[in-house]
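Here is the structure we will look at, set down as structure tokens.
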Amino acid sequence: RRQQRLGGSQGTVRARAALDNYFHLSRTQEPTTGPAPHLEPSHGVQDSQEHSSGETVEVSDSDSSTSEEEEDVVEAAAPLIPSAQETPPAASSEEHGSHEAEEAQVQPKQRTPVRQVEPSVPAVPADEEEGDTCAICFEQWTNAGAHRLSALRCGHLFGYTCIDRWLKGQAGKCPQCNKKAKRSDIVVLYARTLKALDTSEQERMKSCLEKEQMLRRQAELESAQSRLQLQVLTDECSKLRRQVQELKALVAQHNGSGSQQPGSSRSCLPSSLPSSQSQRKYHLEKVFLVSQTGNCRVMAFCDSLSCLVVSQPSPQSTFIPGCGVKMLSVANLKSSQYIPIHSKQIRGLAFGSRADGLLLSAALDSTLKLTSLATNTVVQTYNTGRPVWSCCWCLDDTNYIYAGLVNGSIMIYDLRDTNSHVQELVPQKSKCPMVSLSYLPRMASASLPYGGILAGTLEGACFWEQKAGNSYRPHHLPLEPGGCIDIQTETSTRHCLATYRPSKNNPCVRCVMMELTCSPLTEASEDVVCSSNPVQTFSAGPTCKLLTKNAIFQSPEEDGSVFVCAGDEASNSALLWDAGSGSLLQKLQADLPVLDICPLEVNQTHLLATLTEKMVKIYKWQ
């Protein structure tokens, strides 16, 4: 028994050493993936030990001889430990109780925590593996854990643990692009799922669309430029065609007049037929009382608005002092409202070829103003510094206007410059008031194809030829010295009408119609000399105390003949002549001296307006 007890105690000590060695190794090693096996004592061995003490001794001997093998077995695998616990039971109950207590301690120590197996990742198609896997370990990244999705500053994606280890061991470069990187550049992407759409085709289509849009805009711009050039060329072609027609008509007229009157240089206008002139005349249509106090001076007709404007003093001078214009509708022959414009008497009114109905007015208050008849307000004012006696529009460029001053100079204004004048034409000789201004547009005429300003003063006339670059060259016309009160022009035939006061040699008022001509200065020079040749002279009464305005215009018969109408103060009437024959056609009676005469056409109806100090009379050709 003593030997058995000693052998049992030695086996127990060896078993405890083996168990301690096993648990020491299990704490230092990583936990296994599977559950630890449950250690239970072998009941069959204990029963055999109770029946035979000799077998127990053999077990103790085998334990004593094979203690080193048991330690190797414990380190190798945990399921082999129960075989090492086959020890004989103790003689006393205390040893048996202590052995069972040790076995009870073995069971909870073997239930160590087991590392959770990562969830299985579903299979990824072959075409998507490249976008879902880490470029370092070729494993799919996750949205949580140590291998979660991370990125560097260059934009490449990796698992966090992989790129962290990579930057620790490498020279601080991105595994894909070799750009410099460091651990602080790692950015964790908080995305539950990450899937990059292939938008390369969309971006290519966008770039193609932008390119097409740019080409379309360029094509539209080129188309607009081409349309503008076409419009300009069409207008130029139309102008050239009109000039050719005018040249043909002039050639035919000269050939006809030369065959009828050989050697005559004055018969440049066809005479109107006496039978046709005797059948149709001007008949009084309407009388407008403009101002009861008088002081009406000039008038002008707007073709686009079918409106006749007449200058007059303010009808309510107490509340609205100054002067303005009164509008008369020629379409329905009704008078309209009064528009205040200037503070002193108006000396000139003119409408251009613009369709917006801008009225140009000149007055003795040293201002030149533009008034819109659409809004009945003054839209632009130019301060000339001196009283303005006359004004006109440029018929070649509607942006320019002209003002004739009291000292004989001509101020040129540009509507695009609202501050002051752009040019001043200084008189060459005397500084007399500019009583009349007329603009002759460029026209392919045999007599005078150039455009310019025909300025008339109390002592003579001057034609300012418009050159290139808005420069002007003066040409003094050979008029009679002194006594000229008015000069009017007929643009289509290039004729002008000069009115002279009575003098010692000529006791009556005379209206001389002249043809404007030009001739080259020298044979090799491009410069020309403009002049005027008298064609016909018309005589009126012996009285002329007022500065009246007369008219020269195309015949309402539209047969190429020209009419001349002038006021006669002696008889208080307007005299109408045929310019071709020089015969007096009609005498239009008035109550007061006629100050201004204006031919006009409305709805293919030819009218003639005469102005006195108080009223306007409208005559109809029928």
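When the residues of the stretch 559-575 are narrowed to those that are aliphatic (A, V, I, L, M), buried (at least 16 other Cβ atoms within 10 Å of the Cβ) and out of contact with any Phe, Trp or Tyr (no Cβ under 6 Å at 6 or more places or on another chain), which ends up nearest to Ser291 (Cα to Cα)?
Ala574
To keep it simple, each residue is scored yes or no on (1) open to solvent by less than 10 Å² (accessible area, probe 1.4 Å); (2) within 30 Å of Val535 (Cα to Cα); (3) part of a strand (DSSP E or B); (4) assigned by the TED database to the domain that holds Gly385.
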| position | (1), (2), (3), (4) |
| --- | --- |
| Pro427 | no, yes, no, yes |
| Arg442 | no, yes, no, yes |
| Leu448 | yes, yes, no, yes |
| Ile453 | yes, yes, yes, yes |
| Glu465 | yes, yes, yes, yes |
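Is at least one residue of the stretch 350-365 hydroxyl-bearing (Ser, Thr, Tyr), touching a residue at least 60 places away in the same chain (Cβ under 8 Å) and not in a strand (DSSP E or B)?
Taking every residue of the stretch 350-365 in turn, none turns out to be hydroxyl-bearing (Ser, Thr, Tyr), touching a residue at least 60 places away in the same chain (Cβ under 8 Å) and not in a strand (DSSP E or B).
Can you pull out every residue in the stretch 548-569 that is modelled with pLDDT of 90 or more and in a loop (DSSP other than H, G, I, E, B)?
Thr548, Lys549, Asn550, Glu569
For the stretch 372-388, check the following and say yes or no: at least one residue is assigned by the TED database to the domain that holds Tyr439, assigned to a strand (DSSP E or B), under 16 Å from Met299 (Cβ atoms) and open to solvent by less than 30 Å² (accessible area, probe 1.4 Å).
no
Here are the criteria: (1) farther than 28 Å from Ser314 by Cα; (2) touching a residue at least 40 places away in the same chain (Cβ under 8 Å); (3) of a type in the set (Gly, Ala, Ser). Tell me which single one Gly567 does not satisfy.
Condition not satisfied by Gly567: (1).
Hey, Pro556 hits all of (1) of a type outside the set (A, V, I, L, M); (2) without any contact (Cβ under 8 Å) to a residue 60 or more places away in the chain; (3) surrounded by fewer than 21 Cβ atoms within 10 Å (Cβ to Cβ) but one; which does it fall short on?
Result: Pro556 passes all but (2).
Would you pick out the residues in the stretch 507-527 that are in contact with a strand residue (DSSP E or B) (Cβ under 9 Å, 6 or more places away or on another chain) and open to solvent by 50 Å² or more (accessible area, probe 1.4 Å)?
Within the stretch 507-527, Ser519, Pro520, Leu521, Glu526, Asp527 meet the criteria.
Name every residue in the stretch 120-170 that is open to solvent by 40 Å² or more (accessible area, probe 1.4 Å), in contact with a strand residue (DSSP E or B) (Cβ under 9 Å, 6 or more places away or on another chain) and at pLDDT below 80, in order of residue number.
Val121, Glu129, Gly131, Asp132
Starting from the stretch 391-416, keep only residues that are at positive phi, then list their pairs with residues that are among the hydroxyl-bearing types (Ser, Thr, Tyr) whose Cβ atoms are within a distance under 7 Å, requiring at least 6 positions of separation or different chains.
Partner pairs satisfying both residue conditions: Gly408/Ser430; Gly408/Thr457.
Filter the stretch 160-169 down to the residues that are under 17 Å from Cys134 (Cα atoms) and out of contact with any helix residue (DSSP H, G or I) (no Cβ under 9 Å at 6 or more places or on another chain) and list them by number.
The answer is Tyr160, Thr161, Cys162, Arg165, Trp166.
Restricting attention to the stretch 207-219, which residues are open to solvent by less than 100 Å² (accessible area, probe 1.4 Å) and of a type outside the set (S, T, N, Q)?
Listed by number, the residues that qualify are Cys208, Leu209, Leu215, Ala219.
Do any strands (runs of 3 or more DSSP E) lying entirely in the stretch 229-346 carry at least 3 residues that are modelled with pLDDT under 85, and which ones are they?
Passing ranges: none, list empty.
The values are calculated or read from the model by the stated rules, or taken from the named source; none is laboratory data. Fair warning: this is a prediction, and the values are worked out from it, not measured in the lab. Glycine gets a Cβ as well: all are built from the backbone with ideal geometry, and neighbour counts include every protein chain shown. Remember, those area values only see protein heavy atoms, side chains included, never the ligands or the DNA or RNA. Shrake-Rupley method; radii C 1.70, N 1.55, O 1.52, S 1.80 Å.
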